[in-house]
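> Sharing a structure below in structure tokens format, with a few things to ask.
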Amino acid sequence: MCGIIGIITVPGAFNEPLGSIIKKCLKNLEYRGYDSVGFAILGDIFVVRKSKGKIDDVAFGLGFDKYDGFVGIGHTRWATHGPPVDKNAHPHTDCLGRVAVVHNGVLENYLELKEILRRKGHVFKSDTDTEVIPHLIEEFKKRGFQPYEAFKKAISVLRGAYAVVVIDLDEPNKLFFARNTSPLIIGIGENAIFLASDIPAFLEYTNKVIVLEDGELGYVTSRGILIEKLLKPGELDDELAMTEIVDYKSRIKVLDWTPEMAKKGGYPHFMLKEIHEQPGALAATIAGLKEEIDGIVDALLKSDKIIFVAAGTSYHASLLGALYMNNLAEKWSMAFISSEARWWMSNIGEEDIVIAVSQSGETIDTLVAVREAKRNGAKVLAVSNIIDSAIPRESDFVVYTKAGPEIGVAATKTFTTQVAVLLYLSLKVAERIGNKRIIEEIKNDLAKVPELASSVLSRYEARIKSLSRILKKKTNAFYLGRGFGVPIAMEGALKMKEIAYIHAEAYPAGESKHGPIALVEKDFPVVFTSIGEEEELLQSNIEEMRARGAWIITIARKGSRLFSISDEKFEMPNANEYVMPILSILPLQMLAYYTAVARGYDPDKPRNLAKTVTVI
Ligand code: M6R
């Protein structure tokens with residue numbers, strides 16, 4: 001998906017040309033996937049350069065490093081409107097080449113705007129939706145608007161999703177910006193201000209951020225920031241855009257993220273680094289929880305139903321959350337895929353709590369479900385890894401996982417930390433309703449989970465690597481479990497699908513004989529995830545699969561009877577069954593990672609996927 005960087009500096013802010021800094025920031029966004037690269041820099045001259053290709057090649061070919069200036073923008077494009085060719089790369093400019101624009105998102109009304117602008121004599125050079133933006137700014141300036149007013153007016157007529165950053169030579173000491181649905185963040189450095197689609201882009205230069213909200217627009221100078229709120233959509237008339245100034249001071253946050261966290265640190269891929277960061281991420285998350293929980297526990301206790309809404313991996317964490325709430329906290333609870341949640345909301349009301357789980361905090365499906373829940377009067381608790389992102393902002397309560405930046409598209413450390421948060425919350429509710437003995441046991445094991453995770457990771461990595469050499473030749477796999485093992489089977493299968501492109505399906509093991517087993521033949525891989533007490537039931541499921549020649553990989557607790565009927569065995573430490581899911585997913589994350597690598601794929605950049613999904 002596209003990446004944006006914008007930088008405005010005081011003279012001499014960096015001891016290398018601005019072109020090199022833009023290249024570095026774009027490299028930090030490389031994980032998002034892209035097909036073309038471009039930049040615009042204003043110094044002694046104004047240059048706009050762009051091309052299809054990879055950042056290093058394009059930067060070398062176009063000589064990024066030799067261009068210096070005090071204001072610049074850069075972009076990595078992931079083609080949506082028009083093929084990945086030079087003319088469609090960003091920045092896009094107006095007819096006179098005085099306005100340069102980079103954009104993420106999709107404009108819904110670009111065809112109609114393009115037609116109107118064409119009739120007014122504007123000449124378009126690309127197939128993109130983005131190109132209407134510089135022409136709109138040019139058009140409003142022609143009509144007599146001052147440059148910033150022309151920018152605001154242009155933004156007001158756009159419909160759809162956008163994060164936009166603009167250089168206008170008629171107001172060269174400002175970088176204009178706007179956000180709707182697509183994330184955009186301001187980074188406040190000592191001698192420079194940054195705008196980026198993602199924090200890691202500028203983390204090397206600053207960890208002081210303001211996360212922009214939908215409908216906000218404004219400009220940054222080398223020393224200052226103006227943020228305004230667009231009050232209503234505009235028309236193509238001559239009225240100024242209606243905005244009001246936003247007081248953003250209290251929104252400035254200093255993150256505890258370091259630049260090293262957003263680098264590979266010697267690992268071949270971010271995903272592998274992030275898998276190995278889980279012990280630390282779990283420890284930080286659990287330690288951080290103590291401060292923020294009491295009010296939330298009160299609300300959960302008072303609630304009638306607890307409904308989870310989430311997508312993908314966060315949905316799998318939510319399934320565990322719902323099981324924990326039902327079984328530990330004794331609350332009626334259920335998890336819904338957020339894009340489906342609207343069909344389940346009619347009986348949710350003021351007495352209920354909706355827990356929205358989203359590592360990015362920006363997933364539009366989950367945000368829509370949150371809004372629907374709020375309309376029905378429910379209170380919303382967000383569980384997210386990104387401070388001040390859209391879902392936490394719109395929720396009544398927030399708990400942050402402290403996983404640090406997760407760059408790999410496949411969620412790993414954000415999943416295990418989400419599960420830890422949901423278990424902790426359930427424990428806190430359970431504590432208030434009694435049942436002390438089991439709670440103490442779970443609490444002790446949760447406290448030990450970073451250490452246990454570390455032992456699982458180091459014990460099995462080499463074995464999994466060699467197993468991936470067999471798995472890489474397979475085209476299908478089943479992942480089966482029962483109870484707490486079902487979400488783990490689902491998450492393991494999702495990982496395998498999304499990065500190794502093996503068709504992996506997860507089912508509750510009891511369901512396999514109602515259809516899926518028809519597919520099983522000799523050497524068909526079936527992964528069993530056993531958490532504890534369901535062992536006896538799983539035993540017969542394994543036997544059924546073995547009888548058909550399946551190749552059985554089992555993840556179970558130490559001493560499990562299932563190992564004697566399995567081909568490959570991963571023995572988990574003896575932790576309480578509520579804690580076990582956090583450990584059982586680790587071999588499956590590694591299995592997907594090493595299988596993807598063995599098949600020659602880059603696990604950090606799975607095809608067709610984005611880290612943050614802001615389209616419905
Ligand atoms: O940012 P979110 O947690 O809301 O993202 C939800 C899903 O898009 C995400 O988990 C996706 O399934 C990942 N690719 C999983 O690895």
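> Restricting the search to the range 484-507, which residues are over 14 Å from Leu471 (Cα atoms) and either of a type in the set (A, V, I, L, M, F, W, C) or touching a Lys or Arg at 6+ places or on another chain (Cβ under 6 Å) (or both)?
Answer for the range 484-507, where residues must be over 14 Å from Leu471 (Cα atoms) and either of a type in the set (A, V, I, L, M, F, W, C) or touching a Lys or Arg at 6+ places or on another chain (Cβ under 6 Å) (or both): Phe484, Val486, Ile488, Ala489, Met490, Leu494, Ala506.
> Still on this structure: Pick from the range 133-176 the residues that are within 28 Å of the chain's Cα centre (by Cα) and not in a strand (DSSP E or B): which of them is modelled with the lowest pLDDT?
The extreme case among them is Ala161.
> Let me ask another. Output the qualifying pairs, or none if there are none: Cβ atoms under 6 angstrom, residues six or more apart or on different chains, first residue in the range 391-415 and free of Cβ contacts under 8 Å to residues at least 60 places away in the same chain, second residue near the ligand (Cβ under 9 Å from one of its atoms) and in a loop (DSSP other than H, G, I, E, B).
Ile391/Gly361; Pro392/Gly361
> Another question, if that's okay. Can you tell me which residues in the range 47-69 are surrounded by 17 or more Cβ atoms within 10 Å (Cβ to Cβ) and in a helix (DSSP H, G or I)?
Listed by number, the residues that qualify are Ile55, Val58, Ala59, Leu62, Phe64.
> Considering each of Ala575, Ala610 in turn, give the residue that is under 21 Å from Ser318 (Cα atoms), assigned to a loop (DSSP other than H, G, I, E, B), within 16 Å of the ligand (Cβ to nearest atom) and among the hydrophobic types (A, V, I, L, M, F, W, C). It would help to see each step written out before you state the result.
Values: Ala575 fails: within 16 Å of the ligand (Cβ to nearest atom).
It is Ala610.
> Also, quick follow-up: Which residues, counting only those in the range 340-371, are open to solvent by 20 Å² or more (accessible area, probe 1.4 Å) and touching an Asp or Glu at 6+ places or on another chain (Cβ under 6 Å)?
Matches in the range 340-371: Arg342, Glu351.
> Here's another thing I want to ask about it. One residue is enough: does the range 185-192 have a residue meeting the conditions within 20 Å of the chain's Cα centre (by Cα), within 21 Å of Ala40 (Cβ to Cβ) and either β-branched (Val, Ile, Thr) or open to solvent by 10 Å² or more (accessible area, probe 1.4 Å) (or both)?
The first filter runs over the range 185-192 and keeps only residues within 20 Å of the chain's Cα centre (by Cα), leaving 185-187.
Going one step further and asking which of them are within 21 Å of Ala40 (Cβ to Cβ), we end up with 185-187.
Subsequent filtering for residues that are either β-branched (Val, Ile, Thr) or open to solvent by 10 Å² or more (accessible area, probe 1.4 Å) (or both) retains 185-186.
Yes.
> Do we have Phe308 as crowded, with 20+ Cβ neighbours inside 10 Å, closer than 28 Å to Asn180 by Cα and touching a helix residue (DSSP H, G or I) at 6+ places or on another chain (Cβ under 9 Å) here?
On the way: crowded, with 20+ Cβ neighbours inside 10 Å: yes; closer than 28 Å to Asn180 by Cα: yes; touching a helix residue (DSSP H, G or I) at 6+ places or on another chain (Cβ under 9 Å): yes.
When the stated conditions are applied, Phe308 passes them.
> Please go through the range 323-351 and pick out each residue that is among the small types (Gly, Ala, Ser) and within 16 Å of the ligand (Cβ to nearest atom).
Of the range 323-351, the ones among the small types (Gly, Ala, Ser) are 329, 333, 335, 338-339, 341, 346, 349.
Of everything in the range 323-351, those that are among the small types (Gly, Ala, Ser) and within 16 Å of the ligand (Cβ to nearest atom) turn out to be Ala335, Ser338, Ser339, Ala341.
Rundown of residues vs (1) within 27 Å of Phe202 (Cβ to Cβ); (2) open to solvent by 40 Å² or more (accessible area, probe 1.4 Å); (3) within 16 Å of the ligand (Cβ to nearest atom); (4) of a type in the set (Asp, Glu), yes/no style:
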| site | (1), (2), (3), (4) |
| --- | --- |
| Asp247 | yes, yes, no, yes |
| Gly265 | yes, yes, no, no |
| Pro268 | yes, yes, no, no |
| Lys273 | yes, no, yes, no |
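> Take the conditions modelled with pLDDT of 90 or more and either open to solvent by less than 40 Å² (accessible area, probe 1.4 Å) or assigned to a loop (DSSP other than H, G, I, E, B) (or both) and apply them to Gly72. Does it pass?
Details: modelled with pLDDT of 90 or more: yes; either open to solvent by less than 40 Å² (accessible area, probe 1.4 Å) or assigned to a loop (DSSP other than H, G, I, E, B) (or both): yes.
When the stated conditions are applied, Gly72 passes them.
> One residue is enough: does the range 412-428 have a residue meeting the conditions part of a loop (DSSP other than H, G, I, E, B) and within 14 Å of the ligand (Cβ to nearest atom)?
The first filter runs over the range 412-428 and keeps only residues part of a loop (DSSP other than H, G, I, E, B), leaving 412.
Next cut, within 14 Å of the ligand (Cβ to nearest atom) only: 412.
Yes: one or more hits.
> Among the residues of the range 376-410, count how many are in a helix (DSSP H, G or I) and buried (at least 23 other Cβ atoms within 10 Å of the Cβ). I'd like the intermediate steps shown before the answer.
Narrowing the range 376-410 to residues in a helix (DSSP H, G or I): 390-394.
Narrowing the set further to residues that are buried (at least 23 other Cβ atoms within 10 Å of the Cβ) leaves 390-392.
Summing the residues that are in a helix (DSSP H, G or I) and buried (at least 23 other Cβ atoms within 10 Å of the Cβ) in the range 376-410 gives 3.
> Right, something else. Could you list, in sequence order, all residues of the range 282-335 that are among the polar types (S, T, N, Q), touching an Asp or Glu at 6+ places or on another chain (Cβ under 9 Å) and within 28 Å of Thr614 (Cα to Cα)? Walk me through how you get there before you give the answer.
Start the filter on the range 282-335 by keeping residues that are among the polar types (S, T, N, Q), which leaves 285, 303, 313-314, 318, 326-327, 333.
Those left that are additionally touching an Asp or Glu at 6+ places or on another chain (Cβ under 9 Å): 303, 313.
Correct list: Thr313 only.
> Which one is nearest to the ligand (Cβ to nearest atom), of the residues in the range 352-375 that are part of a helix (DSSP H, G or I) and small (Gly, Ala, Ser)?
Here is the first cut: in the range 352-375, the ones part of a helix (DSSP H, G or I) are 364-375.
Within this subset, residues satisfying the condition of being small (Gly, Ala, Ser) are 369, 373.
Working: Ala369: 11, Ala373: 15 Å.
If we take residues in the range 352-375 being part of a helix (DSSP H, G or I) and small (Gly, Ala, Ser), then Ala369 is nearest to the ligand (Cβ to nearest atom).
> A follow-up question, please. In the list Glu431, Glu451, which residue meets the criterion of being of a type in the set (Asp, Glu) and either modelled with pLDDT of 95 or more or within 16 Å of the ligand (Cβ to nearest atom) (or both)? Give the steps one after another, and end with the answer.
Numbers: Glu431 fails: either modelled with pLDDT of 95 or more or within 16 Å of the ligand (Cβ to nearest atom) (or both).
So the residue among Glu431, Glu451 that is of a type in the set (Asp, Glu) and either modelled with pLDDT of 95 or more or within 16 Å of the ligand (Cβ to nearest atom) (or both) is Glu451.
> Taking the conditions exactly as written (at negative phi, within 16 Å of the ligand (Cβ to nearest atom) and at pLDDT below 95), does Glu291 satisfy them or not?
no
> Can you name every residue in the range 551-598 that is among the charged types (D, E, K, R) and either within 29 Å of the chain's Cα centre (by Cα) or open to solvent by less than 20 Å² (accessible area, probe 1.4 Å) (or both)? Before you say what the answer is, go through the steps one by one.
So the first thing to find is which residues in the range 551-598 are among the charged types (D, E, K, R), and the list is 557-558, 561, 567-569, 571, 577.
Listed by number, the list holds a single entry, Glu577.
> Further, regarding this structure: If you go through the range 312-339 one residue at a time, how many are under 26 Å from Glu406 (Cα atoms) and surrounded by fewer than 20 Cβ atoms within 10 Å (Cβ to Cβ)?
Within the range 312-339, residues that are under 26 Å from Glu406 (Cα atoms) and surrounded by fewer than 20 Cβ atoms within 10 Å (Cβ to Cβ) number 2.
> Could you list all residues from the range 1-46 that are free of Cβ contacts under 8 Å to residues at least 60 places away in the same chain, open to solvent by less than 10 Å² (accessible area, probe 1.4 Å) and either charged (D, E, K, R) or not in a helix (DSSP H, G or I) (or both)?
Result: Ser36, Val37, Phe39, Ile41.
> So which residues in the range 534-550 are open to solvent by 50 Å² or more (accessible area, probe 1.4 Å), out of contact with any strand residue (DSSP E or B) (no Cβ under 9 Å at 6 or more places or on another chain) and part of a helix (DSSP H, G or I), if there are any at all? Walk me through how you get there before you give the answer.
Applying the first criterion (open to solvent by 50 Å² or more (accessible area, probe 1.4 Å)) to the range 534-550 yields 536-537, 539-540, 543, 546-548.
In the following step, the residues that additionally are out of contact with any strand residue (DSSP E or B) (no Cβ under 9 Å at 6 or more places or on another chain) were identified as 536-537, 539-540, 543, 547-548.
Passing the criteria: Glu536, Leu537, Gln539, Ser540, Glu543, Ala547.
The values are calculated or read from the model by the stated rules, or taken from the named source; none is laboratory data. These numbers were taken from a predicted model, which means no experiment stands behind them. Backbone-built Cβ (ideal geometry, glycine too); neighbour counts: all protein chains shown. Calculation scope for accessible area: heavy atoms of the full protein, side chains included, ligands and nucleic acids excluded. Shrake-Rupley method; radii C 1.70, N 1.55, O 1.52, S 1.80 Å.
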